[in-house]
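The values are calculated or read from the model by the stated rules, or taken from the named source; none is laboratory data. Just so we're clear, the structure is a prediction, and the values are computed from it rather than from any experiment. Please note: Cβ atoms are built from the backbone with ideal geometry, for glycine as well, and neighbour counts cover all protein chains shown.
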Amino acid sequence: MTALTKNRNTPSRGTVRAVRGYPLGAAARAFAGGIAVLNAAGFAVPATTATARIALGRFAAEVDNSAGANGAASVEVERGVFRFDNSADADLITLADVGKRCYLVDDQTVAKTGAVVESAATRSVAGYVDDVDDQGVWVLLDPTSGASA
């Protein structure tokens, strides 16, 4: 499990529910198909293992703001159900987890738990598990779903 280094063909199920523009964070590079989150300053950035992030959806296209300040570039984010990579071992998501929350590992991987370290979670909520198949985990990504509450 590693963060994206190029665009990713991330499948969707059903209809993409909404597309919305967000200002991109400083020094961020968004790859198409990656998981977009809102950071504490209110800018869209690629998902990482961190707390206090709000999962927004899937980046619609690649946007490179790696040399820019906060908001110097904008990015479109799609909401809906998308398939991402499954974590491993104790954090592997199974069909028994459908309807439950899953957590962000990076911009293409989700996990079953918030990865508690010293009594504190280290991962933010990604969304709700919609399904699991041999290729990964189908996740509802929508900041208005209540998944991060």
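Are there any strands (runs of 3 or more DSSP E) wholly within segment 1-47 with 1 or more residues that are surrounded by 15 or more Cβ atoms within 10 Å (Cβ to Cβ) and among the aromatic types (Phe, Trp, Tyr), and if so which?
Per the criteria, 12-23.
Would a scan of segment 83-106 turn up a residue that is loosely packed, with under 15 Cβ neighbours inside 10 Å, of a type in the set (D, E, K, R), over 13 Å from the mean Cα position of the chain (by Cα) and within 23 Å of Asp134 (Cβ to Cβ)?
Yes, because at least one residue in segment 83-106 is loosely packed, with under 15 Cβ neighbours inside 10 Å, of a type in the set (D, E, K, R), over 13 Å from the mean Cα position of the chain (by Cα) and within 23 Å of Asp134 (Cβ to Cβ).
Hey, Val117 hits all of (1) of a type outside the set (Gly, Ala, Ser); (2) modelled with pLDDT of 95 or more; (3) assigned by TED's automatic domain parsing to the domain that holds Asp133 but one; which does it fall short on?
Here Val117 meets the rest and fails (2).
Identify all residues within segment 100-138 that are among the small types (Gly, Ala, Ser) and closer than 22 Å to Ala52 by Cα; write none if there are none.
Ala111, Gly114, Ala115, Ser119, Ala120, Ala121, Ser124, Ala126, Gly127
Select, from Arg8, Arg53, Arg29, Arg17, the only residue that is within 12 Å of the chain's Cα centre (by Cα) and among the charged types (D, E, K, R).
Testing whether each residue is within 12 Å of the chain's Cα centre (by Cα) and among the charged types (D, E, K, R) leaves just Arg53.
So, in segment 107-130, of the ones that are of a type outside the set (A, V, I, L, M, F, W, C) and over 16 Å from the mean Cα position of the chain (by Cα), which residue ends up nearest to Gly14 (Cα to Cα)?
Ser119
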